[in-house]
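Right, one structure below, let's go through it.
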Amino acid sequence: MSMSELVFIFIAALTISSAFWVVFSNNLIYSAVALLFTLFGVAGLYVFLFADFIAATQVMVYVGGILVLIIFGVMLTNQISESTVTQTNRPRLLAGVIAFIIFLMVAYISLTTQWHEGTVQTAEKTTTVIGDMILNEYLLPFEAVSLVLLAALLGSALLSRKQHG
Amino acid sequence: MSGFWQATMDLITSYGSLISLAGLAIFGVMAVNALVAVYFERKVSAFMQDRLGPMEVGIFGFKGGRKFWGGIGQTLADALKLLTKEDVLPDKSDKALMILSPFIIFVGAFVTFVGVPFSSYLLISRFDIGIFFILAMSSVGVVGIILAGWGSNNKWSLYGSLRSAAQIISYEIPAGLSILLVVITAGTLSIHGIVEWQAEHRWFIFHSPFAFIAFFIYFISGVAETNRTPFDIPEAESELVAGWMTEFSGFRWALFFLSEYANMLIISLLASVVFLGGWLSPMAMFDIFPESWMIMDGALWGMFWLLLKAIILIFVMMWFRWTFPRLRVDQLMYLCWKVLLPFSLVNLVAVSIWELLF
C-alpha cells in the first residue's frame, strides 16, 4: 500500500463518516458541523484528482458560503430553541422507496461508468484548461448557469422586499 | 493489514518531520506575530491617545517612561496571563461547540499561511492557484465564528457572531473582485507569477488608475474582514460586551487572539504581494536611487522589503483603530454593498478595457 493510498483512505473515511453524522445527528447544528468535515473531505478528494482549482472552489463556495448560509438558516428557524429536531420523515414508506430507487440509480451508474484513473496529472495548469473549456466547448451551459444565478439573485431580492409585487 | 501500518510508518518517517517542521514554523510565526503586534498596538494606542499604562510597565530594571522599551513588561504579563487563566465553560453552553470553534478559526488562519509567502524562497508551498487558495482558506474561519456564537448560548455572542459572519461574507466580495482585477491583468493566479509580472512592468498600485483604486478597496475590505475598528461592530463593547468572544477565556480565547493578529498579517502580506510589488525593492521600481543601492535587492533583502511593506500596512490598520469611531451596522452594509461593490465592479470592467487599449 502506497502512501497516497493511505492518505486517500483517511480522507475518504473522514468524508463518509462525517456524511453519516450529517444524516443521523439529531442536532441540526451538529449536522452542520459534520457537513464542514464532509465538504473538506470532498475538497481533499479533488486534490487527489489533481483538481486544485476545483478543490479551492469547493472550500470557498461550499464552506465559506453555502455552509454559512445553512447555519444561518438553522439559527433563524423558529422552533430551534431546543435544537433537537427529528430528522426522520413523516411518510416513511414512500421516502424509503424513493431513497432506495436513488440508491439503485447511483449504484448502477457507479458500477457501469468507465472511471478516469485519477492518479496521473493530466494538465500542467488546471486553470488554463478550465478557462479554455468554459469559454469554448461549454460556453452555452456556462451562460445558462449565469442566467439562472442572475434570476435567483433578482428573485430573492424581490422576495425579501417588504412590499413585493 | 500490515501494509497499512507499513505505509503509516513510511508516511511518518519520510514526511512527518517535514510536515511538523512546516507546522511549527507557521505556529512560530503566528505566535511571535501576535506577541509583537500586541506590543506594537499598545504603543501605537499610547502615542495616539495618551494612554499611560503601555508606556510605564517596566521589567528587570527598565523603568519604562517614554522610551522604546517602556511597556515591554505588559506584553510578558499578557502572555503569562493568557496561558495560566482558568478555562471556563458556561453551564448552559454547548460544550462541544465551545471547544471546537476556536480550533476551526485557528485552523482557518493556520492553513492560509501555507500559501502566504514571506519572500520569494521562504514559503511553505508554491501552488499555481496561490491567491485563490489564500482567499478560499481565509473564508473558513467564518464557520468557527458562527459556531462560537451559537455554542456560547448567550444573546450577545449570537448577535456578535451573526453580525461578524454577515460582515465577513459581504466584504469578501469587493476584496475578491479587486484581487480578480490583478489576476486579469497578470494572467495568473500564482503569487510568484504576479510578482514576476510586477518585476517586468511596475507595481500594480501604479499600473493603472483602476489598480490604484482597487488597492484601497482591497485594503478597506481586508480591515473589515479582520473585524477591527472602525468595522468592529461584531464585538462592539458598548452594545455587545465582547460579541462572539464574550464567553471564552484562557487558552481558547488566546486562539481567537492569535487568529485575529494572524489574519491582519495575512491581509497585509497579501496586499503587499499583490499590489505593492511583494519582495521587490523600491530601488528596482524607481530610477532615482544611486546604483550602489541596488545591492539591497537580493534574496534576503526580499524578505526585509516584504515584511516592511506588511508592517507599514499593519501600522495603518492600528492607526485606523485608534483614530476612527465605530460604524453602525447599516453604515457598514451601506459601505460594502453601495460603495465598495459598485466601484469594484466598474473597476473590473474599466481595467479590462484599459488592458485591451494599452
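The values are calculated or read from the model by the stated rules, or taken from the named source; none is laboratory data. Since we're looking at a predicted model, the values are computed, not measured. Ideal geometry is used to build each Cβ from the backbone, glycine not excepted, and the neighbour counts take in all protein chains shown. Quick note on the areas: whole protein, heavy atoms, side chains included, nothing else; ligands and nucleic acids left out. Shrake-Rupley method; radii C 1.70, N 1.55, O 1.52, S 1.80 Å.
Of the residues in segment A:144-161, how many are aliphatic (A, V, I, L, M) and outside any helix (DSSP H, G or I)? Final tally of qualifying residues: 0. Answer yes or no as to whether B:Tyr261 is in the same structural domain as B:Asp330 (by TED's automatic domain parsing), without any contact (Cβ under 8 Å) to a residue 60 or more places away in the chain and not small (Gly, Ala, Ser). No, not satisfied. Having 3 or more residues that are modelled with pLDDT of 80 or more is the bar; report the helices (runs of 4 or more DSSP H) wholly within segment B:1-85 that clear it. Answer list for segment B:1-85: B:17-49, B:72-84. Search segment A:1-53 for residues being over 24 Å from B:Leu147 (Cβ atoms) and hydroxyl-bearing (Ser, Thr, Tyr), and hand back the single one that is farthest from the other protein chains (Cβ to nearest Cβ). Result: A:Tyr46.
Inspect all residues belonging to segment B:84-103 and state whether any of them is among the acidic types (Asp, Glu), open to solvent by 10 Å² or more (accessible area, probe 1.4 Å) and free of Cβ contacts under 8 Å to residues at least 60 places away in the same chain. Checked against the condition, which is being among the acidic types (Asp, Glu), open to solvent by 10 Å² or more (accessible area, probe 1.4 Å) and free of Cβ contacts under 8 Å to residues at least 60 places away in the same chain, segment B:84-103 yields at least one hit.
Residues in segment B:104-115: is at least one within 20 Å of A:Val74 (Cα to Cα) and either open to solvent by less than 10 Å² (accessible area, probe 1.4 Å) or touching a Pro at 6+ places or on another chain (Cβ under 9 Å) (or both)? Within segment B:104-115, not a single residue is within 20 Å of A:Val74 (Cα to Cα) and either open to solvent by less than 10 Å² (accessible area, probe 1.4 Å) or touching a Pro at 6+ places or on another chain (Cβ under 9 Å) (or both). Within segment B:184-205, the residues that satisfy the criterion of being free of Cβ contacts under 8 Å to residues at least 24 places away in the same chain and away from chain A (no Cβ under 11 Å) are B:Ala186, B:Glu196, B:Trp197, B:Glu200, B:His201. Scanning segment B:322-355 for residues that are assigned to a helix (DSSP H, G or I), more than 16 Å from B:Ile213 (Cβ to Cβ) and either open to solvent by less than 60 Å² (accessible area, probe 1.4 Å) or aliphatic (A, V, I, L, M) (or both) gives B:Trp322, B:Val329, B:Leu332, B:Met333. Applying the condition of being surrounded by fewer than 24 Cβ atoms within 10 Å (Cβ to Cβ) and outside any helix (DSSP H, G or I) to segment B:141-183 and asking which residue is nearest to the other protein chains (Cβ to nearest Cβ) yields B:Asn153. Looking across segment B:79-120 at every residue that is charged (D, E, K, R) and in contact with a Leu (Cβ under 9 Å, 6 or more places away or on another chain), the one that is nearest to the other protein chains (Cβ to nearest Cβ) is identified as B:Asp94.
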